[in-house]
């Protein structure tokens, strides 16, 4: 669901609504995911795959925050370095996302398996 923001930017068929509203929903849902993690775990990281899942979600949120701050401050730096920094932080945010679905599936399967 949170990945729809990227689709909104890149796929013409999904370009309905205001981009600022999509971005706000993306930020709110990301923060809500972090709050759910805290409530679900009681603030503990756990062990093994549970720790990997928690750290991945935390890393994803930190990377997203860095990307958001970079985009918000891009106007205050030189054009070339601003674009490079925006690309770097956005790619970091996207790269941090990749392990999340696999870890989440294993987390859910582990619950039903044991």
Number of the exception - residue 17 against (1) loosely packed, with under 14 Cβ neighbours inside 10 Å; (2) touching a helix residue (DSSP H, G or I) at 6+ places or on another chain (Cβ under 7 Å); (3) modelled with pLDDT under 80 = (2)
query = Can you spot a residue in the stretch 76-85 that is at pLDDT below 90 and under 18 Å from residue 23 (Cα atoms)?
reply = no
request  = Could you grab me the full set of residues in the stretch 87-114 that are without any contact (Cβ under 8 Å) to a residue 40 or more places away in the chain and touching a helix residue (DSSP H, G or I) at 6+ places or on another chain (Cβ under 6 Å)?
outcome  = 89, 90, 92, 93
request  = Output yes when any residue across the stretch 68-85 is under 11 Å from the mean Cα position of the chain (by Cα), surrounded by 12 or more Cβ atoms within 10 Å (Cβ to Cβ), part of a helix (DSSP H, G or I) and in contact (Cβ under 8 Å) with a residue 24 or more places away in the chain, and no when none is.
outcome  = yes
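The values are calculated or read from the model by the stated rules, or taken from the named source; none is laboratory data. What you are looking at is a predicted structure, and each value in this text was computed from that prediction instead of being measured. For neighbour counting, all protein chains shown are included, and Cβ atoms are generated from backbone atoms with ideal geometry for every residue, glycine included.
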